[in-house]
Amino acid sequence: MIKIKSFVFNPFYENTYLVYCSDSLEGMVIDPGMYFAEEKNEFCSYISSESINLKYVLNTHCHIDHSLGNKFIVDKYKAELIIPEKDKFLLELLKTQGSMFELDIEESPDTDNYFENISELKLGENKFNFFHTPGHSPGEYCVYSLENSICFTGDLLFKEGIGRTDLWGGNLNELMDSIKKLFSILHDDIKIFPGHGEFSTIGYEKRNNPYIAKVK
């Protein structure tokens, strides 16, 4: 059984997700955004309390708010870092991104692998797949598990909202096309876990998201 623990971290109020199998206790963190000491302590306390073996750290995309915790996680847990290859330039500019917001950010470790090279990841017997969804950034990926009816949408799709496209490599047409393609592979009951804000479902967004009419 897959369990999900969500945290709201850093000055950008970013959703960091700890995803783990309750049987094997294998886990991954999606978009590590811990910045302040109390945030790091909160995350580590939960890992310890549940005896989770953290195997992977995934960046759905490499904007600062979704990747500034990379070094902390990799150094502490020796987890495998996986990112979109087309967002590698953003990861290399992490300190530069931080300086724009007057944040002192440690450089990210080098990536261990790219989504493009992996067909799936497993936590215990639970399979996770990836879907390239550019638009908010050139490389962004959604991470989903059909058997568990969940999808982590990064900053592509929010509850009643979509990702901004005025940052590095953003493109509104690509973003809308990505949402349309995502809808084509995910059924309405799949719960979405976005990079900011509340959870939702694919079906709810089809019916209520004011931007979705543009992609139907």
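It is to be established whether one or more residues within the range 110-117 are modelled with pLDDT under 95 and more than 27 Å from His132 (Cα to Cα).
No; the residues of the range 110-117 include none that is modelled with pLDDT under 95 and more than 27 Å from His132 (Cα to Cα).
Looking at (1) surrounded by 20 or more Cβ atoms within 10 Å (Cβ to Cβ); (2) in contact with a strand residue (DSSP E or B) (Cβ under 7 Å, 6 or more places away or on another chain); (3) not in a strand (DSSP E or B), which one does Ser137 not meet, given that it meets all the others?
Only one criterion is unmet by Ser137, namely (2).
In this structure, does Leu103 turn out to be modelled with pLDDT under 95, more than 23 Å from Asn148 (Cβ to Cβ), in contact with a strand residue (DSSP E or B) (Cβ under 7 Å, 6 or more places away or on another chain) and not polar (S, T, N, Q)?
In short, no.
Quick check on the range 175-216: of everything there that is outside any loop (DSSP other than H, G, I, E, B) and charged (D, E, K, R), which residue is farthest from Val29 (Cα to Cα)?
Once the filter is applied, the top-ranked residue is Lys214.
Six or more apart or on different chains, Cβ atoms under 6 Å: show the pairs whose first residue is in the range 3-16 and surrounded by 14 or more Cβ atoms within 10 Å (Cβ to Cβ) and whose second is hydrophobic (A, V, I, L, M, F, W, C).
From the range 3-16, the pairs are Ile4/Val19; Lys5/Leu18; Phe9/Met34; Thr16/Phe7; Thr16/Phe9.
Conditions first: (1) of a type in the set (Gly, Ala, Ser); (2) closer than 27 Å to Pro11 by Cα; (3) surrounded by fewer than 17 Cβ atoms within 10 Å (Cβ to Cβ). Gly124 passes all but one, so which condition is the exception?
Only one criterion in (1) of a type in the set (Gly, Ala, Ser); (2) closer than 27 Å to Pro11 by Cα; (3) surrounded by fewer than 17 Cβ atoms within 10 Å (Cβ to Cβ) is unmet by Gly124, namely (2).
The values are calculated or read from the model by the stated rules, or taken from the named source; none is laboratory data. The structure presented is a predicted model; accordingly, all values stated were derived computationally and were not measured. We place every Cβ from the backbone using ideal geometry, glycine too, and count neighbours over all the protein chains shown.
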